[in-house]
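Below is one structure, written out as structure tokens, with a few remarks after it.
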Amino acid sequence: MKPRKIFIAIAAILAASLLLLVIGLWLRPPELLRVGANYAAKIVCSNVFLAARDPDEVLRIDVQAPGIALLRLMRVSVDRQQRVVRAGLLGFIGDGVAVARPGVGCAAVPDGNLAYATRATTSDSPSFSAGTATAEAAPTVSPTPAIAPWPDGDTVATRPELERLLADARLAGPGMRAIVVVDHGRIVAERYGAGFSAATPLLGWSMTKSVVAGLVGLLVQQGRLALDQSAGLSAADGTGRERIRLADLLAMSSGLHFNEAYGAVSDVTRMLYLEPDMAGFARAQPIEHPPGEHWNYSSGSANIVSRIAQDAAGPLGAAFPGRSLFEPIGIHSGIIETDEYGTLVGSSYMYATARDWARYGELLVQDGVWQGQRLLPEGFVAMMATPVAASGGQYGHGFVWLWGSDGVTPGRNPDAEFGIPPDTFWMLGHDGQSIAVIRSRQLVIVRMGLTPTSEHYTAQPLVQAILASASH
């Protein structure tokens, strides 16, 4: 056979093999491809329909730029009329789909059941029993004019010396999108990245967990929940699941198995992008340790708590965060999205402007009191920031970090190295989201961005510089 014919034959075989491979991936995409496709669809959906951003920009910057090779091959399509986003490898492999619903944001729809997913609203969601008490009325606060000083309104007076600090790229960090500094109840400095502003809702990722802890505090204050009550995880096999309390979940010490590793198909990526019922998936995990004795960071625990709080809220359901927490403290941009089954994704999916994130931080600085009205029980914030012994002191009993990095070396306290007051605690989220709550100094420092861990950025130098400047 002539060489040219041999070359043509080999090329034909390779082309046929490639075609068969593509068809196989299309018909039965591997789970990793499905995770990537649903992640791309979800991130684009939320940023388009909640933050009014351009879908191509979101795909390019938020999904592809962080450097994961698989995501660089994702393509998305947006149906604005149906409010549906589809994504896939090369545009058609992976079956990624997300849908925006009124009042509850976007949800990945891993089983493709859009008709069911679109039923979820702020008042329509399933429940499971965790044992709740009789409630008292949710607090309300009258709205105030936007021209009033922050936090009652949106008028701010910044300090030039602090503004100059925030302009330092080394302190702000790569990919910074927003920094807001609150000193004794007033915004004294803020800065926004290109394309972002004080009006842009930003994803907090795991900072959402700390807000869920606040929702639990509201319900405890109202008599609907008790920290020592059962989490409702009954078991007939005597494994000890029935002994797990709400407090154990808040302390990440339930004893339930959960793999929080990212970059592959782990428990957390499966829960967020392959499971329509996230809380159900987390509740079904086997128990590995006696409750209260072993610390394991688990987004699954946060979603179980979200479901418990949502059930305890009664008829408010998924509207509970907005009605009972956000409105009273002036958060108008905040939304905690639900999964396909209508459960608040308290592990990961709260969007709010940086100023509204700061409002929640200010509530914690004020020990759960807002405008003279106690929203969280006395001592609840202190409980949140009390170290969980099994965590080595780095994590608190209410979904907060006590040291300003979730990847610290065991035994090393980076806050102490930077002279940050020991009563500081942190809300931390994926890709560089952080809120430092410094109670002794009445300071709240919000830093939002798209800053992968590969950038090795930490917010301690920023906080240290602000502390030094604010003391003068």
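Any residue in segment 169-186 that is more than 30 Å from Gln310 (Cα to Cα), in a strand (DSSP E or B) and over 22 Å from the mean Cα position of the chain (by Cα)?
Yes, there is a match, as at least one residue in segment 169-186 is more than 30 Å from Gln310 (Cα to Cα), in a strand (DSSP E or B) and over 22 Å from the mean Cα position of the chain (by Cα).
Could you list, in sequence order, the residues of segment 408-451 that are farther than 19 Å from Ala189 by Cα and of a type in the set (Lys, Arg)?
Within segment 408-451, Arg412 is the sole residue that qualifies.
With (1) over 22 Å from the mean Cα position of the chain (by Cα); (2) buried (at least 23 other Cβ atoms within 10 Å of the Cβ); (3) of a type outside the set (Lys, Arg) as the list, and Val369 as the residue in question, which single condition is left unmet?
(2)
Limited to segment 384-401, what total is found for residues that are in contact with a helix residue (DSSP H, G or I) (Cβ under 8 Å, 6 or more places away or on another chain) and either modelled with pLDDT under 95 or of a type in the set (Phe, Trp, Tyr) (or both)?
Qualifying residue count for the region: 1.
The rows are residues; the columns are (1) assigned to a loop (DSSP other than H, G, I, E, B); (2) closer than 19 Å to Ala213 by Cβ.
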site	(1), (2)
Ala279	no, yes
Pro291	yes, yes
Trp295	yes, yes
Arg307	no, yes
Gly330	yes, no
Arg355	no, no
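If I ask for residues that are among the aliphatic types (A, V, I, L, M) and in a loop (DSSP other than H, G, I, E, B), which ones from segment 209-242 would you list? Explain how you work it out, then say what you get.
In the first step, residues of segment 209-242 are kept if they are among the aliphatic types (A, V, I, L, M); the result is 211-213, 215-216, 218-220, 225-227, 231, 233, 235-236.
Hits for segment 209-242 are Leu225, Ala226, Leu227, Ala231, Leu233, Ala235, Ala236.
The values are calculated or read from the model by the stated rules, or taken from the named source; none is laboratory data. As the structure is a prediction and not an experimental result, all values here were calculated from the model. We place every Cβ from the backbone using ideal geometry, glycine too, and count neighbours over all the protein chains shown.
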